[in-house]
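Let me begin by presenting the structure, written as structure tokens, before commenting on it.
The values are calculated or read from the model by the stated rules, or taken from the named source; none is laboratory data. A quick note: this is a predicted structure, and the numbers were derived from the prediction, not measured. When we count neighbours, we look across all protein chains shown, and the Cβ atoms used for this are built from the backbone with ideal geometry, even at glycine. In case anyone asks, the SASA skips ligands and DNA or RNA and just uses the protein heavy atoms, side chains included. Shrake-Rupley method; radii C 1.70, N 1.55, O 1.52, S 1.80 Å.
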Amino acid sequence: MSRANAAPDPARIEAPPAVTWIVRTLEDRGFETWTVGGAVRDALLGHPSGDWDLATRARPGEIRRAFKRTVPVGIEHGTVGVLARDGIMYEVTTFRRDVETDGRHAVVSFADRIEEDLARRDFTINAIAWHPLTERLLDPFHGREDLGAGLLRTVGEPAERFEEDYLRVLRAIRFAGRFGLRVADETWDAMRAVVDRLPDLSAERIRDELVKVLDTDPRPSIALRLYADSGALAVLYPELEARRTVPATTQEGGDPPSEWDVCCATVDTLPVANATLRLAALMWGLAHDEAAALLMRLRLSNAQMDRTLLLATTPELPPPHATDTDFRRWLSRTGLEVWPAAVRLQFAFATTRARLGLATDDDAESLEASWKRARAICDQKPPLSVGDLELNGRDLIALGLKPGPRFGTILEGLLSWVLEDPARNRHELLAERVQEKIGDA
């Protein structure tokens with residue numbers, strides 16, 4: 001894949017005034033300082049620059065003495081946060097060089113030259129420095145040329161770069177997908193050679209790379225397919241890899257897309273900055289246990305895991321001709337906070353399937369009719385959860401029942417009864433229902 005990018009004139013790079021102030025402050029004290037990393041790369045691509053990072057010859061103590069407001073965000077690694085006049089914190093890191101690496105962690109020491117610092121970076125497009133005072137672009141590994149050619153290449157020997165840190169495999173996938181770059185053959189071969197070592201990385205680092213793809217990339221399907229082609233998908237997410245061999249339709253003839261293809265295409269239709277919804281789309285159709293196991297490995301927070309799992313495994317809306325009870329049960333299972341996102345996900349899949357010729361206009365119209373039914377019933381504010389019942393645990397005690405796990409079963413049974421007819425949600429009727437059930441037992 002390739003998306004050629006003409007390399008703009010470096011003079012077009014404009015650092016925020018606060019960045020220029022930090023550089024000038026350190027330079028006035030005799031410490032060579034440059035802007036480095038993603039902001040420089042993005043500026044060369046003509047993209048809005050995000051976080052501006054700086055690299056300097058000053059040691060951490062010297063950085064802290066140069067500014068009134070600093071934060072030791074990673075001082076053991078040479079990084080100091082400088083709170084600038086614009087209220088933003090900028091990370092300033094002492095020049096570094098690698099001393100020892102094991103594929104997961106690196107032991108570094110401080111260096112005196114920016115060239116040493118750039119030489120330890122992963123890819124040529126990230127090994128470019130910009131000096132906002134002199135407007136000099138330092139590009140010893142021809143990263144700007146690679147950007148113009150739409151090429152992703154490691155700094156130096158590819159095999160050595162990936163053996164230093166296996167996470168660079170996932171970073172390569174993310175950068176290639178986000179910027180539409182073709183991975184150089186030598187770099188691609190070196191990635192594939194170490195892909196089976198990815199599980200050696202911490203779950204958090206693996207998760208963060210996937211989340212960045214889903215959270216920031218306008219077309220994450222490119223990176224997701226690189227996950228599959230490189231072998232990373234099979235190693236890290238075998239549940240998703242299995243979807244690549246499952247046809248998305250049972251119709252004969254042609255070469256139908258796989259369920260994985262449909263999921264990737266659907267993810268592209270969902271908005272950026274909504275990694276939860278996109279992750280749910282990626283896991284759409286997985287069995288509950290499979291989805292839960294995948295989310296556990298990602299080490300998401302309990303709240304994130306619960307919401308993603310619910311979105312990924314929520315059954316489709318009842319058909320338009322279903323009863324009100326069917327819709328109330330669906331809304332109860334899904335929850336008032338989640339159901340709009342669940343429907344949005346279903347619309348996204350419907351749109352994708354129609355575009356791929358796997359659905360008809362009638363399917364889309366049916367889904368829209370079901371959505372309107374669900375919205376109308378929701379507007380009636382029927383009781384949909386145990387908390388909505390006009391009888392609670394204290395009332396069960398008043399009826400002579402002993403507190404315990406049985407309470408949950410009783411209340412869930414009452415809710416199921418009320419979902420059939422919301423008019424039953426009256427204290428006296430619910431109490432009578434409990435006494436009847438106790439008597440039957």
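Only one residue of Gly413, Gln304, Thr351 has its Cα farthest out toward the positive end of the dipole of the range 277-419, where Lys and Arg carry +1 and Asp and Glu -1 on Cβ, and that residue is Gln304. Extension gain for the segment Arg375 to Asn302, taken as residue separation times 0.36 nm less the Cα-Cα distance, is 23.5 nm to one decimal. Between the alpha-carbon centres of the range 240-317 and the range 17-44 there is a gap of 42 Å. A simple rule links phi to the HN-Hα coupling: the Karplus curve 6.51 cos²θ - 1.76 cosθ + 1.60 with θ = phi - 60°, which for the range 13-26 gives 5, 10, 7, x, x, 5, 5, 4, 5, 5, 4, 5, 4, 6 Hz, with x for Gly and Pro. For the range 208-258, the orientation-averaged shadow of the C-alpha convex hull comes to 4.3 nm² (one quarter of the hull surface). The equivalent ellipsoid that matches the C-alpha gyration tensor of the chain spans semi-axes of 52, 28, 20 angstrom, in descending order. Between Ser385 and Asp98, the C-beta separation translates, for a Förster distance of 41 Å, into a calculated FRET efficiency of about 0.15. Estimated purely from DSSP H runs of n ≥ 4, each contributing -39500 (n - 2.57), the mean residue ellipticity at 222 nm for the chain is -15500 deg cm²/dmol once divided by its residues. Phi angles of the range 269-276 translate, via the Karplus equation with coefficients 6.51, -1.76, 1.60 and θ = phi - 60°, into HN-Hα couplings of 7, 8, x, 5, 6, 9, 4, 5 Hz per residue; Gly and Pro are given as x. Distance between the 7 Å Cα→Cβ label points at Ala354 and Asp215: 3.2 nm.
Computed from label points 7 Å out along Cα-Cβ, the spacing between Arg394 and Lys68 is 5.5 nm. In straight-distance terms, cross-link reach from Lys372 covers every one of the lysines whose alpha-carbon lies under 16 Å from its own, apart from those fewer than eight places away in the same chain; here that gives Lys381. This model, with +1 at the C-beta of Lys and Arg and -1 at the C-beta of Asp and Glu, gives the chain a dipole about its Cα centre of some 1120 debye. For the range 316-441, the average shadow cast by the Cα convex hull is 9.1 nm², which is a quarter of the hull's surface. Among the lysines, which fall within straight-line cross-link reach of Lys437, defined as a Cα-Cα distance under 21 Å, with same-chain neighbours fewer than 8 residues apart omitted? Reachable lysines: Lys402. Once the Cα-Cα distance is subtracted from the 0.36 nm per residue extended length, the Asp363 to Ile438 segment shows a gain of 22.4 nm.
Backbone amide hydrogens, once placed in the peptide plane, bring Asp53 within less than 5 Å of Val36, Ala39, excluding anything fewer than 5 places away on its chain. What the Cβ-Cβ distance of His321 and Glu204 gives, at R0 = 45 Å and to the nearest 0.05, is a FRET efficiency of 0.45. Counting only protein heavy atoms and a 1.4 Å probe, the range 194-301 has 42 square angstrom of accessible area per residue. For the range 387-441, the share of accessible area belonging to carbon and sulfur comes to 50 percent (1.4 Å probe, ligands and nucleic acids excluded).
Shape of the range 196-331 from the C-alpha gyration tensor: oblate (a/c of 1.5 or more and a/b not above b/c, with a ≥ b ≥ c the square roots of its eigenvalues). The simple spin-label model puts a point 7 Å past each Cα toward its Cβ; for Glu420 and His47 those points are separated by 5.7 nm.
Of the Cα atoms belonging to the range 294-344, the radius of gyration and Dmax stand at 12.8, 41 Å. Scanning residues 5 or more positions from Val183 or on other chains, those with amide H under 5 Å from its amide H are Leu152, with H placed 1.01 Å from N in the peptide plane. Against the empirical 2.2 N^0.38 Å (N residues), the range 34-137 has a Cα radius of gyration ratio of 1.07.
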